[in-house]
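Taking it in order: structure first as structure tokens, then the write-up.
The values are calculated or read from the model by the stated rules, or taken from the named source; none is laboratory data. In this text, all values refer to a predicted model and were calculated from it rather than measured experimentally. Every residue, glycine as well, gets a Cβ built from its backbone with ideal geometry; the counts of neighbours run over all protein chains shown.
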Amino acid sequence: MLAKVNLSEQADSVSGLFEYLQVGRLNDHVLNVLQAENRTLGFHIHEHSDELFYVIEGAFELEFDDGLVPLSQGDMLIIPKGTRHRPVVRELVKCLLIELGGTLTAENTGGTYRE
């Protein structure tokens, strides 16, 4: 039988900040939840994959060359491949990230991603 996934419970189970927990795969895409707080990553580009951010709890901003987009609980944003961006996190946020497998690396996650 198929098993359901509760994103809030999975995000709550992450033991530390900036640790990614894979909660599923959809074709060639990886679904990860994470908790983050008080961190701004460097600008980066994903050349081969769009990236989806869904806010489970809390709030943060995504910064682009033309400004900041605030996201809060229930918001989702898809960043098209080739778009320069960076997360700006001031308070605790729990998110779901979806992108092609191999898109996230230690370099573009501040050194914390392990596949």
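Taken together, the criteria exclude GLY42 from residues that are loosely packed, with under 14 Cβ neighbours inside 10 Å, in contact (Cβ under 8 Å) with a residue 12 or more places away in the chain, under 22 Å from LEU7 (Cβ atoms) and not charged (D, E, K, R). Here the condition is being surrounded by 14 or more Cβ atoms within 10 Å (Cβ to Cβ), in contact with a Phe, Trp or Tyr (Cβ under 9 Å, 6 or more places away or on another chain) and assigned to a loop (DSSP other than H, G, I, E, B); of PHE18, PHE60, PHE53, it holds for PHE18 alone.
Is it true that ALA36 is within 21 Å of GLU107 (Cα to Cα), surrounded by 18 or more Cβ atoms within 10 Å (Cβ to Cβ) and not aromatic (Phe, Trp, Tyr)? Yes; evaluated as a whole, the condition is true for this residue. Of everything in region 64-107 that is at pLDDT 95 or above and of a type in the set (Ser, Thr, Tyr), the residue that is surrounded by the most Cβ atoms within 10 Å (Cβ to Cβ) is THR83. Could you give every pair whose Cβ atoms fall below 6 Å, whose first residue belongs to region 87-115 and is part of a strand (DSSP E or B) and β-branched (Val, Ile, Thr), and whose second residue is modelled with pLDDT of 80 or more and buried (at least 19 other Cβ atoms within 10 Å of the Cβ), counting only separations of at least 6 or pairs across chains? Short answer, once both residue conditions are applied: VAL89/ALA36; VAL89/PHE60; VAL93/ALA36; VAL93/GLY58; VAL93/PHE60; ILE98/LEU31.
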